[in-house]
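Remarks on the structure that follows.
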Amino acid sequence: MNKANEANFDGLVGPTHNYSGLSFGNVASLNNVDKPSNPKEAAKQGLTKMKALADLGFVQGVLAPHERPHLPSLRRLGFSGSDAQVLQQAAKKAPSILAAASSASCMWTANAATVSPSADTHDGRIHFTPANLVNKFHRSIEHETTGAILAATFNNEKHFAHHQALPSVEHFGDEGAANHTRFCAEYGEKGIEFFVYGMAAFNPSHPKPTRFPARHTLEASEAVARMHGLSDNKVVYAQQNPAVIDAGVFHNDVIAVGNRNTHFYHEEAFLHTEKMQQDIMSAWEGSPEPFHFIEVPSNLVSVEDCVKSYLFNSQLLSRAPSDMTIIVPGECQNNPAVWQYLNSLVTGSGPINEIKVYDLKQSMSNGGGPACLRLRVVLTEAERAAVNPHCLMNNTLYTRLNQWVDQHYRDRLVEQDLADPQLLIESRTALDELTQIMSLGSIYNFQKA
Ligand code: SUG
């Protein structure tokens, strides 16, 4: 076994971060529609979390934002003329499409891709499949640039294998790592890959939610497991409880999180909880470590409180087997039931022994907590050495990115601003400079007109 650690690659919030109410089924996104946003503050809140985790000794990476407004999408939908004319026409005739093409949603990199560490895959490389995110138009336009950014960040064929996103159709709806976690005793050893889906697309008699969409299918997860060359006996599938999707749990990472030998989840998260436990335990067989299921009962924390506080959209991080910290958003501290639960959790005898709270309010107001903002990548020493070093957080990159945000970002954005051609110019100027700072090559290919 090669020694490995888990790195977190957070999405850097882009200059057009705004609240457009684009995500039906995501309570925060719908509740905050039309509220003014503060892109500068959003980017800085994200950078503060990244730097804090790097300072705690975790490997922390950064994934660049995408070009927004996305002019190629607007042109593909029939808007024409100069860039300024395209924006103007879209604002007048289809403001919702302009809003979708302007979303900074790529910040939630838990949805960027599914990643399988080299210990789990057939060829000993790390496999990446960008998520097609077909359920929401504003997110369905992410996967191409996401693939280019991942290829520029993990740019070494010996260690990293990059796949194309699955076919962009509901049958293969794929929301990436938001519905995927991995259990292991040591990060470097072969782990259990745990895929959670909302519906089985080719089986209409299978249960599914009735109010809000199930974004992710069983068939998508099975395809990713095949492409990554995972061993059948180390893959577990579980269905999300349709009732919690209907209560606003649009991704499983809003109601469950796993790390190493610990699965922390809500009593109502899964359709068949006992089967989920049995399947994990049979895949875990042979491991010298005990496995911990931490099931939070509804009488201590309701599903509604999970959705409001994002208790489970936390990061469980460990530097050693006996050390596990839970990273939660400020909203958990403001919710009495959740805060009381968390304090009893870390003072009890279980594996989680420390809480750290970060203010991520700008992202949270769109339904994105600490876990949404990060993509986990388990790396051996050799793999870490092969990562583009300009994407790894340290004092220099932190200072440089804060200066860059100060120079290019606005501190207030409302819907009308999305049609401002100056915002497009500012955003492209910022991203051009970012490709230099992070040595990303030509990932954007702006076609200015
Ligand atoms: O896809 N929100 C995102 C939030 C993604 C959270 N990610 C995870 N749970 N892993 C979404 O619903 C809202 C954008 C807006 O309304 O302006 C948005 O896209």
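The values are calculated or read from the model by the stated rules, or taken from the named source; none is laboratory data. Because the structure is a prediction, the values reported are computed rather than measured. With ideal geometry, Cβ positions are generated from the backbone for all residues, glycine too; neighbour counts draw on all protein chains shown. Calculation scope for accessible area: heavy atoms of the full protein, side chains included, ligands and nucleic acids excluded. Shrake-Rupley method; radii C 1.70, N 1.55, O 1.52, S 1.80 Å.
For the cross-link pairs Lys44/Lys136; Lys208/Lys275; Lys361/Lys448, the ones whose C-alpha atoms lie over 22 Å apart are Lys44/Lys136; Lys361/Lys448. Annotation: per residue accessible area for the stretch 185-241 equals 40 Å², rounded to a whole number [probe 1.4 Å, protein chains only]. Over the stretch 1-84, the pair-distance histogram of Cα-Cα distances with 10 Å bins from zero comes to 15, 28, 33, 16, 7, 1 percent, rounded to whole numbers. Taking every alpha-carbon pair in the stretch 117-192 and binning the separations at 10 Å intervals from zero gives 19, 42, 32, 7 percent. Distances between placed amide hydrogens fall under 5 Å for Asn156 paired with no residue 5 or more residues away or on another chain. Dividing the alpha-carbon radius of gyration of the chain by the rule-of-thumb value 2.2 N^0.38 Å gives 0.92.
For the stretch 264-328 versus the stretch 415-439, the spacing of their alpha-carbon centroids is 40 Å.
Share of pairwise Cα-Cα distances greater than 23 Å in the stretch 308-449 is 56 percent (whole percent).
The separation of the stretch 339-396 from the stretch 1-68, counted between C-alpha centres, amounts to 11 Å. Solvent-accessible surface of the stretch 364-424, taken per residue with a 1.4 Å probe and all protein chains present: 41 Å².
Here's the picture: a label point sits 7 Å out from the Cα of Gln340 along the beta-carbon direction, and within the stretch 279-319 the residues with their amide nitrogen under 20 Å of it are 295-312.
Scalar couplings 3J(HN,Hα) for the stretch 305-314, obtained by applying the Karplus form with A = 6.51, B = -1.76, C = 1.60 to θ = phi - 60°, are 5, 5, 5, 6, 8, 6, 3, 8, 7, 9 Hz; x denotes Gly and Pro.
Note on the chain: with neighbouring protein chains present and a 1.4 Å probe, carbon and sulfur make up 49 percent of its accessible heavy-atom surface. Here the convex hull built on the C-alpha positions of the stretch 37-82 has a volume of 100 cubic angstrom per residue.
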